[in-house]
1. What is the gain in length, in nm to one decimal, between R43 and F254 on full extension, counting 0.36 nm per residue of separation less the C-alpha to C-alpha distance?
2. Could you give the dipole magnitude of segment 100-311 about its Cα centre, charging the beta-carbon of Lys and Arg +1 and that of Asp and Glu -1, in debye to the nearest 20?
3. Could you grab the relative contact order for segment 1-94? Cα pairs under 8 Å, six or more apart, rounded to a whole percent.
4. For segment 2-96, just run the numbers: alpha carbon Rg, then divide by 2.2 N^0.38 Å, N being how many residues it has.
5. Report the extension gain between H80 and E123 in nm, rounded to one decimal, defined as 0.36 nm multiplied by the number of residues separating them, less their alpha carbon distance.
6. For E34 and R166, what does the FRET efficiency come to when R0 = 41 Å and r is the distance between their Cβ atoms, rounded to the nearest 0.05?
7. Quick check for you: which residues of segment 15-59 have the amide N under 19 Å from the point 7 Å beyond the Cα of N93 toward its beta carbon?
8. Mind checking which of T219, P253, Q46 is farthest towards the positive end of the chain's charge dipole, using Cβ charges of +1 (Lys, Arg) and -1 (Asp, Glu) about the Cα centre?
Amino acid sequence: MRLLTFRVGSEMRLGAELGDKVVDLNAALVWMLEQSGELVANRLAQALLPSDMLSFLQAGLRARQEGQRVLEYIAAVGSHSDLPAGILFERSNVQECAPIPRPGKVICVGVNYRNHVMEMKREIPTIPVIFAKLANTIVGPEAAVPMPRVSTDLDYEAELAVVIGRKGRYIKESEAYDYVAGYTAFNDISVRDWQRRTPQWLQGKSFDKTGPLGPVLVTVDEIPNPHQLGIRSYVNGELRQNDNTDKMIFNVPFLVSFISQVMTLEPGDVIATGTPGGVGFAMDPPRFMKVGDTVRVEIDQIGYLENYIVADESV
């Protein structure tokens, strides 16, 4: 499935792609249960197939199987005009949010592609470099990213993100995929001067709204090998990064296992697996993003994540 979080009024809902449309999976199940005469359809649907992404992931394999069943049922409906309102939406008419709007943890992996290690003038790591990016950074596709008032060194980093689907600690590398819900795209936007002025990177990595995530969460069964994906970034249509996830130094199973030695991984946690070479900071002279720019991350089999750099108007 290709899952997303979308907004209906003030509520964020779990959806799934169906061609160029979006199915509200929970609303669809309510309707299906009502059609079969179920008297407590809303309550039962929420238990079987929660209406928000995090609860859906926490519900585990059973919810994912139910979601697949519902999606297949709606796809088989002869005329979508027969469906009640609130089940099927035109993709162009919904406001898409980050698939995981408020992750419990966003764990990033630094210098995980050799060409990025070289351009950053660092040594090839023998153990993963990990750091946190806080939940205040997360925004979705088409969202505005504010240029900080205190810096103009705003840089892009295209990354494959792993979304955890099952709680685990001390996970074996051979079992790591059992704990992965799926994959999405991430832009680890970095404020380089703040990042580099201390040995610890947190301050340069956690400015508000500098973590675009999306557009969809592609479930693990649809991407059996996450190490054969082209990954690219563009600024104003100009190709800046162009690589493949097969160039990772530490692969997905190793990272899931390694990070789980440090902390318990939980459903909805995000692991950003690092960026390839081509970042603006490494160019001569550096080429940072500016107000008015459009930045785009593309990953094969996932899609594209596009955002806009705007002036910071926060108070």
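Since every read-out is calculated from the coordinates, none of them should be taken as a lab result. Bear in mind the structure is a predicted one, so any value in this text is a computation, not a measurement. Glycine gets a Cβ as well: all are built from the backbone with ideal geometry, and neighbour counts include every protein chain shown.
1. Contour length minus Cα-Cα distance gives 72.0 nm.
2. Charge dipole, segment 100-311, about its Cα centre: 680 debye, nearest 20.
3. Relative contact order comes out at 32 percent.
4. Computed over Cα atoms of segment 2-96, the ratio equals 0.99.
5. Length gained, H80 through E123: 9.8 nm.
6. FRET efficiency, E34 to R166: 0.85.
7. Residues 15-29, 31 qualify, since their backbone N sits under 19 Å from the label point.
8. Among T219, P253, Q46, the one farthest towards the positive end of the dipole of the chain is P253.
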